[in-house]
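The values are calculated or read from the model by the stated rules, or taken from the named source; none is laboratory data. What you are looking at is a predicted structure, and each value in this text was computed from that prediction instead of being measured. Glycine gets a Cβ as well: all are built from the backbone with ideal geometry, and neighbour counts include every protein chain shown.
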Protein chains: 4
Amino acid sequence: MKLTNKNMCSVIDGINLDSILKKSVKEAVSLNRESLDESYVAEPKPFKQVSELVSQKTKDMHHGLYKNYVESLNAVSSKLDTADRSESNPRHSDFKSLKLDEAYNLNAVWLHELYFANCFDPHSEIVMDSKSYLRLQRDFGTFDAWQKDFMATAMAAGNGWAVCGYHTFLRRYVNMIVSHHSGDVMMGVFPVVVVDMWEHSYVKDYLSDKKSYLVSRMKEFNWNIIEERVERAEQIAQAVKA
Amino acid sequence: MKLTNKNMCSVIDGINLDSILKKSVKEAVSLNRESLDESYVAEPKPFKQVSELVSQKTKDMHHGLYKNYVESLNAVSSKLDTADRSESNPRHSDFKSLKLDEAYNLNAVWLHELYFANCFDPHSEIVMDSKSYLRLQRDFGTFDAWQKDFMATAMAAGNGWAVCGYHTFLRRYVNMIVSHHSGDVMMGVFPVVVVDMWEHSYVKDYLSDKKSYLVSRMKEFNWNIIEERVERAEQIAQAVKA
Amino acid sequence: MKLTNKNMCSVIDGINLDSILKKSVKEAVSLNRESLDESYVAEPKPFKQVSELVSQKTKDMHHGLYKNYVESLNAVSSKLDTADRSESNPRHSDFKSLKLDEAYNLNAVWLHELYFANCFDPHSEIVMDSKSYLRLQRDFGTFDAWQKDFMATAMAAGNGWAVCGYHTFLRRYVNMIVSHHSGDVMMGVFPVVVVDMWEHSYVKDYLSDKKSYLVSRMKEFNWNIIEERVERAEQIAQAVKA
Amino acid sequence: MKLTNKNMCSVIDGINLDSILKKSVKEAVSLNRESLDESYVAEPKPFKQVSELVSQKTKDMHHGLYKNYVESLNAVSSKLDTADRSESNPRHSDFKSLKLDEAYNLNAVWLHELYFANCFDPHSEIVMDSKSYLRLQRDFGTFDAWQKDFMATAMAAGNGWAVCGYHTFLRRYVNMIVSHHSGDVMMGVFPVVVVDMWEHSYVKDYLSDKKSYLVSRMKEFNWNIIEERVERAEQIAQAVKA
């Protein structure tokens, strides 16, 4: 069954698709719903943040900030369901503000979850024939070169994040700055290593010595969790090959 | 072979990994190099931009702008290879400026390539049992609802982009604004539909009537190319499932 | 009559200032209201944009865009009067979105008015003993050096503005980029020369040749209007001297 | 002595002004150099930060951060003197990066100086017939209303600043967010009250309770210093009247 473009553009032309047609297609194809609900209601997850190099006060504060983002994301997501799309414009419209806040809070939630999971392993250990080690070595020349580049990336982020991930266009791992939560972001990167470089992450314990904070987190990278992400990235790499 | 963390952090501790160890690992594991070179040298690709709804002057100008981004990306990428990482900081450092320019130009190149490929098919036609149709229907309720949301997203982007892609955290398709080339970006989205909403895309032909421009591009969506991307996104979806 | 700080902080401490006290002060001091209304209702002004180097279509479009900003500013300003300030936060709140839109639209309105007024004089002529000439010469070494710096500034602005103004902290004239309408802005600059470098200003007439557009505007600078602004800047300079 | 526009545009047309002409003008007019040097070399100033509500560690760290900005500003300013202006573009050029860093660091230096000076007076006291009080009352309805609005503005700033200043276009006082150091900035505002809302200002002492931090700073506003600024703003107000 084909639709010419004219029929398809029902929103554009103000004509609705024949609802019977739609129904028949819907029944013909079983839709395994694997996505979250449209208005994704997120729940804050517990994270242990095991480390003696970060104070309990920082850990508690940090989890509280994360919960605020989850709450804001839910509020934004819910409002987006019914936001007026007809008057959308870049100068001033609810829809625009909601979309910007959506990207901001969604990234904030995800980045915090990635960070809490990959930065708090006091028994950190990397295996040299792990995929993580080999892929970073492959794409940065040596594992050390990756570390240097990652540290420089983290030190360059003001209030923001250092992220290492698989770039689905370049088909290699890259290190990137994320400014705040949604600025200066490389598109299409599947994240595998994340360090929070916002000041709230380190000022209580390290004052302005963010390098010591960064080293403390890199020393406690949970390479098991990173390896799981790299395994997924491997499959993504297969998927995006030409 | 395991490395304790202490040994691993050779950059951090200023100790280099034993080069013999490294060599043996390297030889033991065959490295199929599937990534681009470290300093990815991009080549501008030809794009036909077949359409009677966009003038030749705009097409030529647009391809020229894209080539400028390719050129800038190559310059940035090359400089990053040897940039001093030791003094990296967010206030003023070559490394910081290069990383921001890298994200900016890399996104610009990729987005333009996606746009030229998916926006210029005068014989645009969507099949209702295509994956594209079904997935957008699944995640937005109806295909029309997706179109409405995509249009509102595009209209909210000032100088920037409207992007529909598969979100690897939400595990669903989303519409997002990209401000300029790297602002307000949702992380981890694999793009499938892209429309350029920078003023250079439409001012010559449509003046400030960006809605007509947008509709003209949506009427010429190349659903065959979008379908190929959605096929890849399907595999990515498999890869990121818990 | 003095208020100790404790009494003053009535909002903070939840105690209102004695209303009789307030009234008496109000009566005692004649308030010459020189400011605009709280919710500043702006009116779009007419601008002739006399020039043969910019097409009528561009002029009309441009004035239309300016009117949109005036309209948006009025909407934002009006909503700010009654916006809930109690739940203000940077993640997601009406007040935050309104404040960002306020800066965006207010700058857009002002910058357009400055631009329309100073960029459309086909009989452009500068007098070498004018304050404009002498001050730019003083602060940039030569008038030519100022021109070069201003052009480089304009060429560096993507979608944004080139602004020359008197910096009340540096106590000299500076050239600055304004990204979009409110990004990368130097604080405390009183603007005297403004060129719009958004793509809508030149794409219709000059395609991507923004240098030719820029030169065309600089050739039609209205130095009489700029001189009036510089005269005011002179007085500002007096006011901010230590 | 008049120059027609053709002669004036010596940079544009590649013709240099007659140097003898220039010299005679220069001699005829005594140039009282009141501006800073072209490459403004700033010196970090001492600030006492007298307060029992902010820890010594925070004070020391904060002054150190300020000194870093001064150092960066000097580096940027010096490089700008000789930066290549001929290849300036928004994608990737030294001049562009330097101009953005200039705005960032210059604002950072100034804002910190304003903040250190106006936020650390344990004997804070406002006089109800002071210009500060009366002007804020005039422009916000009541002094309390100003306080509420200022607090909401500060709470809406993520990592950034809350600034109250005299707006030379609106001819009234406004409260504004400054994101980071140079984002979302209203143009043409002469600042009179400044509070640092970056996390480094409060996380050590107040964790994420930024409201308590904000109140602590507002309780220690140095209204004498603010009054001096308002006096200057009064003169600026006179200067910009139509």
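For segment A:127-165, filtering for residues that are in contact with a strand residue (DSSP E or B) (Cβ under 9 Å, 6 or more places away or on another chain) and among the hydroxyl-bearing types (S, T, Y) leaves 3. Among the numbered conditions (1) outside any loop (DSSP other than H, G, I, E, B); (2) farther than 30 Å from A:V70 by Cβ; (3) without any contact (Cβ under 8 Å) to a residue 40 or more places away in the chain, the only one that C:E113 does not meet is (3). Residue-level check: of (1) closer than 20 Å to A:M176 by Cβ; (2) surrounded by fewer than 22 Cβ atoms within 10 Å (Cβ to Cβ), A:H200 misses just (1). Checking C:Y104, C:Y40, C:Y115 one by one, the residue that is of a type in the set (F, W, Y) and modelled with pLDDT under 95 is C:Y40 and no other.
If you go through segment B:132-150, how many residues are within 13 Å of A:R85 (Cβ to Cβ) and crowded, with 21+ Cβ neighbours inside 10 Å? So the count comes out to 4. Of all the numbered requirements in (1) assigned to a helix (DSSP H, G or I); (2) within 20 Å of A:Y202 (Cα to Cα), A:S51 misses one, and that requirement is (1). Evaluating D:D129 against the criteria (1) surrounded by 21 or more Cβ atoms within 10 Å (Cβ to Cβ); (2) at the interface with chain C (Cβ under 8 Å from one of its Cβ atoms); (3) more than 15 Å from C:D184 (Cα to Cα) leaves one unmet condition, (1). Do we have any residue at all in segment A:210-225 that's more than 10 Å from chain B (Cβ to nearest Cβ), farther than 13 Å from A:M151 by Cα and crowded, with 22+ Cβ neighbours inside 10 Å? Checked against the condition, which is being more than 10 Å from chain B (Cβ to nearest Cβ), farther than 13 Å from A:M151 by Cα and crowded, with 22+ Cβ neighbours inside 10 Å, segment A:210-225 yields no hits at all. Inspect segment C:174-192 for any residue being aliphatic (A, V, I, L, M), touching a Cys at 6+ places or on another chain (Cβ under 9 Å), touching a residue at least 60 places away in the same chain (Cβ under 8 Å) and farther than 30 Å from C:A83 by Cβ and give the result as yes or no. Yes, segment C:174-192 contains a residue that is aliphatic (A, V, I, L, M), touching a Cys at 6+ places or on another chain (Cβ under 9 Å), touching a residue at least 60 places away in the same chain (Cβ under 8 Å) and farther than 30 Å from C:A83 by Cβ. Among all positions in segment D:195-209, there is no residue which is touching a residue at least 24 places away in the same chain (Cβ under 8 Å), within 11 Å of chain C (Cβ to nearest Cβ) and among the aromatic types (F, W, Y). Count, please, the residues in segment A:132-148 that happen to be among the basic types (K, R), facing another protein chain (nearest Cβ under 7 Å) and either touching a residue at least 40 places away in the same chain (Cβ under 8 Å) or out of contact with any Ser or Thr (no Cβ under 7 Å at 6 or more places or on another chain) (or both). Of the residues in that region, 1 qualify. Screening A:T153 with (1) facing chain B (nearest Cβ under 7 Å); (2) surrounded by fewer than 20 Cβ atoms within 10 Å (Cβ to Cβ); (3) among the hydroxyl-bearing types (S, T, Y) gives one miss only, at (2). Residues that are within 14 Å of chain A (Cβ to nearest Cβ), within 18 Å of D:S93 (Cβ to Cβ) and touching a helix residue (DSSP H, G or I) at 6+ places or on another chain (Cβ under 8 Å) within segment B:49-90 comprise B:Y69, B:V70, B:L73, B:V76, B:S77, B:K79, B:L80, B:A83, listed in sequence order. Applying the criterion of being more than 8 Å from every other protein chain (Cβ to nearest Cβ) and either hydrophobic (A, V, I, L, M, F, W, C) or over 13 Å from the mean Cα position of the chain (by Cα) (or both) to the residues of segment C:91-117, the residue that is surrounded by the fewest Cβ atoms within 10 Å (Cβ to Cβ) is C:D94. Checked against (1) more than 9 Å from chain B (Cβ to nearest Cβ); (2) buried (at least 22 other Cβ atoms within 10 Å of the Cβ); (3) touching an Asp or Glu at 6+ places or on another chain (Cβ under 8 Å), A:G183 meets all criteria but (1).
The single condition among (1) more than 7 Å from chain D (Cβ to nearest Cβ); (2) out of contact with any strand residue (DSSP E or B) (no Cβ under 6 Å at 6 or more places or on another chain); (3) of a type in the set (S, T, Y) that C:S124 does not meet is (1).
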